[in-house]
Amino acid sequence: MFELVLRSQFFLILIIVFNIGLIIYLLLKEKINVEYSLIWLFALVFAAVIVVSKKFLLFLTHLIGAKLPASTLAYLGFAFTFFVLIYFSTKISILSNKLKKLIQHTAFLEKKQKEIEKKAEDQDPSHSNKDSL
Amino acid sequence: MRIRVSKKGILTLLLRHLMAGLEEKDLWENPKNISRNLLLRWGWRKGRKDILIIVPVFNEANNILEVIDNIIRNVSQADFLVVDDGSTDKTRKVLEKHNVPYLFHAANLGYGAAVQTGLKYAVSKGYPVISLMDGDGQHHSKELLPMIEKMKKENLDLIIGSRFMTFWKTVYSVPLPRKLGMIFFSIIASILTNTKIKDTSSGFQVFNLRTAALLQKIYPSDFPDAEIIILLNLLSFKTKEIPVKMIAREKGKSMITFFRSLYYPFMMFVSIMVVLIKVFILKHQVKNV
C-alpha cells in the first residue's frame, strides 16, 4: 500500500540533515536561541524517524485512524504548524509586554532626567546645556 | 473543605489577587484603606494639586495646544500630563516648546498603553483624583469639574462622561457601523453588570486613586473600553455615567483606523469573555479556600 522509494528517502534525509546543519550553524552564530532551536531539532529528528522507519509511520496511521500514511503526514504537519504558530504568538505577546514596560520605564526616566536638568539649570544657569536630550 | 466567605471578603481577596506583585504589598491588606495608605506612603508634595488630567496623544500637533489651553483656563486647580504615544509629527516639539509636562513613548504602543503610563505616573505621585481626556479636542474641560464633584459627592470610583445619554443634544457624529458596535457592547455591558451603561468607549473618565492603582496594573494596551467597565463593576467598584457634550475632531486623524474598526468588535468580545472567565475562576477559587 505504501512504499517510500529509496531515492525519495535519500532526498528527504538529505533535506533533514541540511536543516539540522542549518540550525546548528545558527546556534553557533548565536542567531537562534537554544530554546527555539529545540523545537526545530525535535521536529527534524521526528521527521527523520518517520522517513527511515516505515513501520512507525504505519503504526501512527493506524493509531489516528487514517487510511493513508500520506494523511498521517498531513495531520502531523497541521498539528506542528498550529503548535509553532501558537508558541510564537505567545512569545510575541510576552515580548510586546516587555517592550511596553521598557518604553514606559524609559519615558519615566526621560522625564526624571529633564526635571533634574531643569533643577540644575535653575540653580546654576551658566551650566545650562540645551543640546542634551 | 468549604468555608463561607462574605462578599466583602471575596472582594478583598480578588483585589489582592489582581494587585499582586505591586511593590507596596502591605498596602493591600484592606482595599478600603488603599487611597489613604497611598497618600500617607507617598505623601503630599508641596505645590502639587489634587487632580491630574492625563491626555494621551498620538500625532496631535494641531490640536494639543488648544486642549491644554482649555484645561488651564477651565480647570486651573488641576495638574496635567500629556502622554505622547510615539508621535511621528511635531507633537513632541510643540510640547517641548511650550513647556507642557509630558511623557514620551519611544515607540507607538497604543491608546491603552499611553493611558496606563499616565496612570502609573499618577499613582506614583499619589494624586487622589485622576482624569482622562482625549488630546483631539473632543472633550470639553468645562465638564470635568461637575464630574469630579459628583464623584466625590457620591463616593464613586469611576465616573464616565457619556456621549449618548443626551443623544438628541450631542453634535458628536459616529459612523453607522461603529454606532451599532457601541450599542451592542453597551447592551452586553449593561446586562453583565446589571447597570445601565450607554457609552462604553468614552475616553472622558475620572477615577479615584484606588481605581487607578488597580487599572495601572491591568490596563490593556489596545482599546480598553467595555471590558474595564465590566471588570470594575463585577469587582463592586462604584461606577456611574453622566451626560457630557462632545464634538467631533476638526483636525488630525482618529486613532481608530478602518482596519482596526474591523477587528475591534471581535477583540472586544474576546476580552469580555476573558474578563468574565477570570472573575468566575477567582470567585470560585475564593469560595473553595
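Peptides B:81-91, B:112-122, B:224-234, B:273-283 ranked from most to least packed, by the mean per-residue count of other Cβ atoms within 10 Å: B:112-122, B:224-234, B:81-91, B:273-283.
Using bins of 10 Å that start at zero, the share of Cα-Cα pairs per bin across the stretch A:1-52 amounts to 25, 46, 21, 8, 1, in whole %. Pairs over the 21 Å Cα-Cα cut-off, from the set B:Lys153/B:Lys283; A:Lys101/B:Lys125; B:Lys49/B:Lys196; A:Lys111/B:Lys93; B:Lys120/B:Lys179; B:Lys196/B:Lys245: B:Lys153/B:Lys283; B:Lys49/B:Lys196; B:Lys120/B:Lys179.
FRET efficiency for B:Ala106 and A:Glu115, Cβ-Cβ distance as r, R0 = 22 Å, nearest 0.05?
0.75
Shape summary of chain A, radius of gyration then Dmax from alpha carbon positions: 27.2, 90 Å.
Taking label points 7 Å from Cα along the Cα-to-Cβ direction, B:Phe184 and B:Ile281 give a separation of 2.6 nm.
So what are the stretch B:59-182's ellipsoid semi-axes, whole angstrom, largest first, if each one is the square root of 5 times an eigenvalue of the alpha-carbon gyration tensor? Provide the component values of the computation, followed by the final result.
Values: eigenvalues 114, 82, 47 Å².
Each semi-axis is √(5λ); the values are 24, 20, 15 Å.
For chain A, the dipole from Cβ point charges (+1 on Lys and Arg, -1 on Asp and Glu) about the Cα centre works out to 480 debye, to the nearest 20.
A simple spin-label model places pseudo-atoms 7 Å from Cα toward Cβ; at A:Leu22 and B:Arg73 they are separated by 6.3 nm. What is the dipole size for the stretch A:70-124, taken about its Cα centre, with +1 at each Lys and Arg Cβ and -1 at each Asp and Glu Cβ, in debye to the nearest 20? For this selection, approximately 280 debye. Overall dimensions of the stretch A:70-124, expressed as equivalent-ellipsoid semi-axes from the Cα gyration tensor (√(5λ), whole Å, largest first), are 52, 5, 4. Label point of A:Phe11 set 7 angstrom out along Cα-Cβ; within the stretch A:66-95, amide nitrogens under 19 Å from it belong to A:70-71, A:73-74.
Can you give the relative contact order of the stretch B:44-105 as a percent, counting alpha carbon pairs under 8 Å and 6+ residues apart?
Details: 85 pairs, mean separation 24.7, N = 62.
Taking the mean separation of contacting Cα pairs over the length of the stretch B:44-105, I get 40 percent.
Tell me what chain A gives for mean residue ellipticity at 222 nm when only DSSP H runs of n ≥ 4 count, each as -39,500 (n - 2.57), the sum divided by the residue total, rounded to 500 deg cm²/dmol. Computed mean residue ellipticity for chain A: -29000 deg cm²/dmol. Which whole-number percentage describes the relative contact order of chain A, with Cα contacts under 8 Å and a sequence gap of 6 or more? Answer for chain A is 15 percent.
Rule-based calculations on the coordinates, nothing more; no lab input. Since the model is a prediction, treat every value here as computed from it, not as a measurement. Because the Cβ atoms are built from the backbone with ideal geometry, glycine has one as well, and the counts that use them run over all protein chains shown.
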